Every structure is written in structure tokens, then in C-alpha cells.
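The values are calculated or read from the model by the stated rules, or taken from the named source; none is laboratory data. Please read these numbers as outputs of a predicted model, since none were measured by experiment. Because the Cβ atoms are built from the backbone with ideal geometry, glycine has one as well, and the counts that use them run over all protein chains shown.
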Amino acid sequence: MKIVMMGSGGVGGFFGARLAHAGYDVSFVARGEHLAAMRARGLAIENEPQGDIRVPNVRASDDPAALGRADLVILAVKLWDTEAAARAIRPLVGRETAVLSLQNGVLKDDILRREFGAPAVMGGVCYVAVRIARPGVIGQTGTMQRVVLGEYDGRDSPRARFLHEALQRAGVKAELASDVRKAIWEKYVFLVGLSATSAAMRATLGPIRENPQTRAFLLDVMRETVAVGRAHGVALPEDYAEDRLAFADTLPADMTSSMHHDLDRGNRLEVQWLSGGVVQLGAAVGVPTPANRAVCDILALHAAGRPNR
């Protein structure tokens, strides 16, 4: 099966390199200095606890059409690039091509379904702490590398089984979900909470969960997200926000979100698709989302990033 990674930054570069290192046919869409380094020296993953991985020769291009038709396209671009990326990968997508997004959020697959039709789109969510350490090198923090994937209709398809097995052979903890929509929302609840509070409060998780006011706000943000998901038919437990708050108490105090990092660096923010997604989906079913709306308002002046970035 021919796999193309649309986006070769932290997530796309990491899982693509893992699959390529395991012997699978993987091509990469990348750009700039990262692409130049991949062409010259290949792609590497650096992780001190687990050891490094190097793929010395990779096929990479900034033009998806140059890579030819694929059996599977995996999207790993920032959320604001989803529509542009979907248009760019059209030459890769044939009648039997599967399209899988490992992006954050829950609105991403609606965009892909509009572009390619529901049968083409698989569901997936990943858990890994990665970044581009320098051109051609993906840095991984910690040891978690987990992917949950599946078909939206719950069937056990050959393409889902193939990717599940491929990821496991590549050393990734992979799970096949009978309800992949629920799995995506499970991550979304905590991701929205952590991203909203860490970015709006300019703080890491430790101080947020220790202060009674900010802890209550974190819980409110997650409760709204759960209520919106349940109103849309997602099988989340009613007390899932409380479960995630208890989970937050087990995490390192210095943990923060990529949106907090983006804010500090003056980069564009994914707030429109995280808290903004909760607001949008809540309005569609009549569920109030004042906490998430407040986050969107607080970060509105920063959402597009600083000029000249």
C-alpha cells in the first residue's frame, strides 16, 4: 500500500518516518528548509529514552501531484490549512484511496467528506509529543506514541486492519475503534480544556489546576464540550469532564498545549477549530457555550498571529 503523508512536521514526520523505517512505502509532502534537509539527508527521529531512528532516503516533494496516486493519504497539517490541503491532495486520491486525518479537533473530517465523499474518509486520533527539532529531524518528548483509528460506520475494513498492523509493526501503539467518532471526541474534550486555559491564562497545567477559580474554569470548558458532543449523538459519559479533570491531576505540572506555545511564538492559533468548534457546534444544537466563547473572545486579537510572521 502506497502511503503519502500530507504534512511532514511533528506528527506527519514522526508517524511517516516510523512507517518508512519499518519498510512501508511512504512519501512525504513538505516544504522549505525541512524539505531540503529531507532530500539531502533523509528524515530522523530523536528521542533519548527510546533511541533515535533514521531513514536515510525518503521520497519528498512540495507538490503532491508529483507523488502520484496513493492508497492512503494521511493529513497532518495545522487545522487552518485543512481546506487548502484537501484541494492539494486531489491528484493523490483515486476511487479506492483512503483519507485519514491525524489533526486535532472534530471539524476536520467534515471538510474531507465534502471534498472526497464519506466512504473515502477514515477516522483517527493520535497521542504523541513531537516537534521539528531542526530541518530533517523530528524531536520526540516522552515515550507515548498512540493512534486510534477506524471506520466511521464501525465496520472492520481491510484498509483499517492494514494501517493498524503497519503502525504496530512500526512500534506504535495502535488501536482499532468500533466507535472512532467517540475516540476523537474523547481527546477533543481534554485538548480543548488544556488549550483554552493554558493559552488564555498564559500558564501551564499545574497552576491552572491548583487555583480554585482557574480549575473551575477548566472544568466548565470541558463540561461544555461534553454537552455539545452528547447533543450531537457522541456516546460520551455525562461525567466525562470530571473524569478528564481527575486525569489532569495525574499529569506533569509543566504540561501545556501547542496553542500556548504558538501564542508565545506569535504564530497563528487553532482556537477557531478548538474552542471555536465547540461554540459553532453548540449553536447548531442549542447548547450554551459561554466559557468557550470567552476563550475565543480573549484570544481574538492573537488568533491570526503577529504581523510579519
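Got at least one residue in region 109-129 being of a type outside the set (Val, Ile, Thr), within 29 Å of Thr256 (Cα to Cα) and over 17 Å from the mean Cα position of the chain (by Cα)?
No; the residues of region 109-129 include none that is of a type outside the set (Val, Ile, Thr), within 29 Å of Thr256 (Cα to Cα) and over 17 Å from the mean Cα position of the chain (by Cα).
Which one of these is acidic (Asp, Glu), surrounded by 17 or more Cβ atoms within 10 Å (Cβ to Cβ) and modelled with pLDDT of 95 or more: Glu242, Glu238, Glu224?
Numbers: Glu242 fails: surrounded by 17 or more Cβ atoms within 10 Å (Cβ to Cβ); Glu238 fails: surrounded by 17 or more Cβ atoms within 10 Å (Cβ to Cβ).
Criteria check complete, one pass: Glu224.
Checking the conditions here, which among Gly123, Gly105 is in a strand (DSSP E or B), of a type outside the set (A, V, I, L, M) and either crowded, with 20+ Cβ neighbours inside 10 Å or assigned by TED's automatic domain parsing to the domain that holds Ala160 (or both)?
Gly123
Of the residues that make up region 36-49, is at least one among the small types (Gly, Ala, Ser), in contact with an Asp or Glu (Cβ under 8 Å, 6 or more places away or on another chain) and more than 30 Å from Ser157 (Cα to Cα)? Steps first, answer last, please.
Of region 36-49, the ones among the small types (Gly, Ala, Ser) are 36-37, 40, 42, 44.
After this cut, where a residue has to be in contact with an Asp or Glu (Cβ under 8 Å, 6 or more places away or on another chain) as well, the list is 44.
Checking which are more than 30 Å from Ser157 (Cα to Cα) leaves us with 44.
Yes, that holds for at least one residue.
Considering only region 169-180, I want to know if a residue exists there that is hydrophobic (A, V, I, L, M, F, W, C) and within 25 Å of Trp273 (Cα to Cα). If you could, list the steps in order and put the result at the bottom.
Pass one, region 169-180, residues hydrophobic (A, V, I, L, M, F, W, C): 170, 172, 174, 176-177, 180.
Keeping just the survivors that are within 25 Å of Trp273 (Cα to Cα) gives 177, 180.
Yes: one or more hits.
So, Leu251, is that one surrounded by 16 or more Cβ atoms within 10 Å (Cβ to Cβ) and of a type in the set (A, V, I, L, M) or not?
Details: surrounded by 16 or more Cβ atoms within 10 Å (Cβ to Cβ): no; of a type in the set (A, V, I, L, M): yes.
For Leu251, the condition - surrounded by 16 or more Cβ atoms within 10 Å (Cβ to Cβ) and of a type in the set (A, V, I, L, M) - is not met.
Residues are listed down the side, and each one gets a yes or a no for (1) in contact (Cβ under 8 Å) with a residue 12 or more places away in the chain; (2) in contact with a Gly (Cβ under 9 Å, 6 or more places away or on another chain); (3) in the same structural domain as Gln140 (by TED's automatic domain parsing):
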{"residue": "Phe190", "(1), (2), (3)": "yes, no, no"}
{"residue": "Gly193", "(1), (2), (3)": "yes, no, no"}
{"residue": "Thr204", "(1), (2), (3)": "yes, no, no"}
{"residue": "Gln213", "(1), (2), (3)": "no, no, no"}
{"residue": "Ala216", "(1), (2), (3)": "no, no, no"}
{"residue": "Leu219", "(1), (2), (3)": "yes, yes, no"}
{"residue": "Met222", "(1), (2), (3)": "yes, yes, no"}
{"residue": "Leu236", "(1), (2), (3)": "yes, yes, no"}
{"residue": "Asp239", "(1), (2), (3)": "no, no, no"}
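Can you pull out the residues in region 19-46 that are closer than 15 Å to Gly7 by Cα, in a strand (DSSP E or B) and within 20 Å of the chain's Cα centre (by Cα)?
Val26, Ser27, Phe28, Val29
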